[in-house]
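As structure tokens, the structure follows; a few thoughts come after it.
The values are calculated or read from the model by the stated rules, or taken from the named source; none is laboratory data. Computed from a predicted structure; not experimentally measured. Ideal geometry is used to build each Cβ from the backbone, glycine not excepted, and the neighbour counts take in all protein chains shown.
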Amino acid sequence: MKSFMLMSALALTLISCASKTTKTKTVDEAGAFIAGYIERHNIPAASLAISHNGHIVLQKGYGYADVEMKMAPAPNTVFRIASVSKPITAVAVFKLLEDSDRDLQTALDKPVFGKNGYLPQYKKIKDARILKITLRDLLQHTGGWNSESYDPQYDVYHIAKKMKTAVPASGDTVIRYVLQYKKLDVDPGKEYHYSNLGYNILARVIESLSKMPYEQYVQEKIFAPIGIVDMKIAGNTLKDRLPLEARYYDDPRYPQPISVFDNKTKGPQAYNGFAFHTMDGHGGWLATPTDLVKFADAVTPGAGKVQLLKPETIKVMTTANPATGNPTASLGWVSTEDGKSIAHAGALETSTLSYLNRRSDGTTWAVIFNRLPVKDLADIGVLAQDLMSGMDQALHDFK
């Protein structure tokens, strides 16, 4: 999955959408835009939520969450959110650092691996540079891995066989495999390269520090305080689909892959290509758009009744660091340089597309689709530009 392509497109649109338009539009027009968007791009369904100053003003579904059953998305219909999981993991990391009373900057710059690191249990390390990777590096995608050439998070069959473990390989097994057999592409801390593996590692840091499974910690410490009760890690196959979960539909132009579960069966990518518990920290969560809006508002000082982090922590987390080589890269988010606008996107080939955007004017919106409508992943930029500019115009000067 070429997640980095989608994030690059989002970074460009996040900046470009700061421009002003002359016409004030309404929430209803935002809904009309989404309805037109799924028709224009041949997407079965979308679910949209919008808040303003911490108050939900719209939650609505469009099209069919289940085409065969002719079921529209309900407000409680959950969808896979793909890489919008990454800000959730980032917030959980910062919550742990706050609760442990660690000095924030010192904690962020502490090595992850090695005997004095957050994860000393990983001892077989091929590349000594890995011992220099810090928590900050993982959060801002400067760990040194370049997923453009190889993403181990989706190689779960072959990794399991190599490591002689059950298929699909777990998140822990993927990490052990990479550390034992792979070298970094670049030195840590030097270059931005979008990394799903980095957020798998962060999930394991959360488990090490909290002494709880990643999913349980996030549910209890991040979601429960803000009233989110239905978010969980997704199941892999169609038979694992939850009663309130949307059904996913690959773009019909996209070839059916060989299953990552047996390396021989062909079928839809949506139900053959992803091991979600292996992807937990970088792409595993199910959510409604309303859940995502509540989550973003809970890390926006002044926007919600409950704030998950201190304002000074939020500022550190959401302020972009151009020194990474990506002017919109912050610690878990895509941000404007002042951190007033934050966002993240997610996509799974070619069955899921999701966006979460907190704007500087107090408006937060999230939308999730049950198809990524592309024949070629290079087309993602067109989708992103269309969505971001259309929503920006529809919600401009919202009051």
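Mind checking which residues of the stretch 336-362 are of a type in the set (S, T, N, Q) and crowded, with 24+ Cβ neighbours inside 10 Å?
Correct list: 350, 351, 352, 354, 357.
Against the definition (among the small types (Gly, Ala, Ser), modelled with pLDDT under 90 and over 17 Å from residue 73 (Cα atoms)), how does residue 3 come out, yes or no?
For residue 3, the condition - among the small types (Gly, Ala, Ser), modelled with pLDDT under 90 and over 17 Å from residue 73 (Cα atoms) - is met.
Kindly establish whether residue 299 is within 21 Å of residue 330 (Cα to Cα) and either under 22 Å from the mean Cα position of the chain (by Cα) or free of Cβ contacts under 8 Å to residues at least 12 places away in the same chain (or both).
yes
In the stretch 80-95, is there at least one residue being free of Cβ contacts under 8 Å to residues at least 60 places away in the same chain, more than 27 Å from residue 180 (Cα to Cα) and not in a loop (DSSP other than H, G, I, E, B)?
No, because not a single residue in the stretch 80-95 is free of Cβ contacts under 8 Å to residues at least 60 places away in the same chain, more than 27 Å from residue 180 (Cα to Cα) and not in a loop (DSSP other than H, G, I, E, B).
Somewhere in the stretch 185-204, is a residue in contact with a Phe, Trp or Tyr (Cβ under 7 Å, 6 or more places away or on another chain) and surrounded by fewer than 19 Cβ atoms within 10 Å (Cβ to Cβ)?
Yes, the stretch 185-204 has at least one match.
If we scan the stretch 148-160, do we find a residue that is touching a Phe, Trp or Tyr at 6+ places or on another chain (Cβ under 9 Å) and modelled with pLDDT under 95?
Within the stretch 148-160, one or more residues are touching a Phe, Trp or Tyr at 6+ places or on another chain (Cβ under 9 Å) and modelled with pLDDT under 95.
Which numbered condition in (1) of a type in the set (S, T, N, Q); (2) touching a Phe, Trp or Tyr at 6+ places or on another chain (Cβ under 6 Å); (3) buried (at least 16 other Cβ atoms within 10 Å of the Cβ) is the only one that residue 263 fails?
Result: residue 263 passes all but (3).
If you take the residues in the stretch 96-135 that are β-branched (Val, Ile, Thr) and part of a helix (DSSP H, G or I), which one is nearest to residue 298 (Cα to Cα)?
Ranking the qualifying residues of the stretch 96-135, first place goes to 106.
Can you tell me which residues in the stretch 341-399 are β-branched (Val, Ile, Thr) and within 26 Å of residue 251 (Cα to Cα)?
350, 352, 367, 368, 374, 380, 382 - these are the residues of the stretch 341-399 that are β-branched (Val, Ile, Thr) and within 26 Å of residue 251 (Cα to Cα).
From the list 392, 397, exactly one residue is modelled with pLDDT under 95, surrounded by fewer than 17 Cβ atoms within 10 Å (Cβ to Cβ) and not aromatic (Phe, Trp, Tyr). Which is it?
So the residue among 392, 397 that is modelled with pLDDT under 95, surrounded by fewer than 17 Cβ atoms within 10 Å (Cβ to Cβ) and not aromatic (Phe, Trp, Tyr) is 397.
Sort out which residues of the stretch 268-284 are in contact with a strand residue (DSSP E or B) (Cβ under 8 Å, 6 or more places away or on another chain) and part of a helix (DSSP H, G or I), and write them in order of number.
269, 270, 272, 280, 283
Can you work out which of the residues in the stretch 60-109 that are out of contact with any strand residue (DSSP E or B) (no Cβ under 7 Å at 6 or more places or on another chain) and among the basic types (Lys, Arg) is surrounded by the most Cβ atoms within 10 Å (Cβ to Cβ)?
The residue in question is 95.
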